[in-house]
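Here the structure comes first, spelled out in structure tokens, and everything after it is commentary.
The values are calculated or read from the model by the stated rules, or taken from the named source; none is laboratory data. All values derive from a computational prediction rather than experimental measurement. For neighbour counting, all protein chains shown are included, and Cβ atoms are generated from backbone atoms with ideal geometry for every residue, glycine included.
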Amino acid sequence: MRTAVASAVICATGGALLWRGTDGFRAFTTEQARRLAVAAHPRSLPAVALDDQDGRPFTLASYRGEPVAVDFVYTQCATLCTRLSASFQRLDRAERSRASSGVARLRLVTISFDPRDTPEHLRVYASRYQADGTDWRFARVHDARELPALLSAFGITVIPDGRGDFQHNAALHLLNAEGRLSRVLDLDADLGDPARVSPAGRQ
């Protein structure tokens, strides 16, 4: 009898911990948990200074009031980053079509997490995907010491592999009208109507 009761207590405790750790059994990976947490509680972002592909300074806060999508790459990546950038290229083309019909377009910002990436590297990379450098902007963190805070706010994990490359997670990040990180989506997600991150604050 005692064994049965002890087993029941252990199962109940384990179930409660699993429920809490997986957000009610909805998240079974760290990435799923990150996405659910961001959707439930949009995150404030640090005021990190960025330099774009033409050396122009800006911050993500300068986009407040506009729908914005952000991704993270490094220009020497030949695998996951090319998928991310190809996805952004498709999105950029779709947004150009929307803009031509009078719909406010989604702004795109690609940020390199490799301190070796210079504005010149970013210009060459941008040209590979026919980006205009304005509606789709490429950037690096001005002061590399601020990079960890930015990556942490977005939930990006970057691990140098010792050979000059990096292991990292990848996703499409949406900022809402207040400049907060409000959604994290698969890199090939269909955004549909960008009003979900419009100046009106809809998500």
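Across region 154-164, the qualifying residues are those that are hydrophobic (A, V, I, L, M, F, W, C) and part of a strand (DSSP E or B), and the one among them that is surrounded by the fewest Cβ atoms within 10 Å (Cβ to Cβ) is Ile159.
A quick yes/no check of all residues on (1) hydroxyl-bearing (Ser, Thr, Tyr); (2) part of a helix (DSSP H, G or I); (3) assigned by TED's automatic domain parsing to the domain that holds Ile111; (4) buried (at least 18 other Cβ atoms within 10 Å of the Cβ):
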site: Ala47; (1), (2), (3), (4): no, no, yes, no
site: Gly65; (1), (2), (3), (4): no, no, yes, no
site: Asp71; (1), (2), (3), (4): no, no, yes, yes
site: Cys77; (1), (2), (3), (4): no, no, yes, yes
site: Leu84; (1), (2), (3), (4): no, yes, yes, yes
site: Phe88; (1), (2), (3), (4): no, yes, yes, yes
site: Arg93; (1), (2), (3), (4): no, yes, yes, no
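The residues in region 165-185 that are within 19 Å of Phe113 (Cα to Cα) and not in a strand (DSSP E or B) can be counted, and the count is 4. Residues in region 95-112 that are buried (at least 16 other Cβ atoms within 10 Å of the Cβ) and among the small types (Gly, Ala, Ser): Ser112 alone.
The residues of region 113-131 that are assigned to a helix (DSSP H, G or I), surrounded by fewer than 21 Cβ atoms within 10 Å (Cβ to Cβ) and either in contact with a helix residue (DSSP H, G or I) (Cβ under 8 Å, 6 or more places away or on another chain) or not β-branched (Val, Ile, Thr) (or both), listed by number, are Pro119, Glu120, His121, Arg123, Ser127, Arg128. Exactly one residue among Thr110, Thr118, Thr134, Thr82 is farther than 20 Å from Arg183 by Cβ, of a type in the set (Ser, Thr, Tyr) and touching a residue at least 12 places away in the same chain (Cβ under 8 Å), and that residue is Thr118. For Ala61, the criteria (1) surrounded by fewer than 16 Cβ atoms within 10 Å (Cβ to Cβ); (2) part of a helix (DSSP H, G or I); (3) at pLDDT below 95 hold in every case but one, which is (3). With respect to the stated conditions, Phe138 is in the same structural domain as Ser87 (by TED's automatic domain parsing), within 17 Å of the chain's Cα centre (by Cα), surrounded by 18 or more Cβ atoms within 10 Å (Cβ to Cβ) and modelled with pLDDT of 95 or more.
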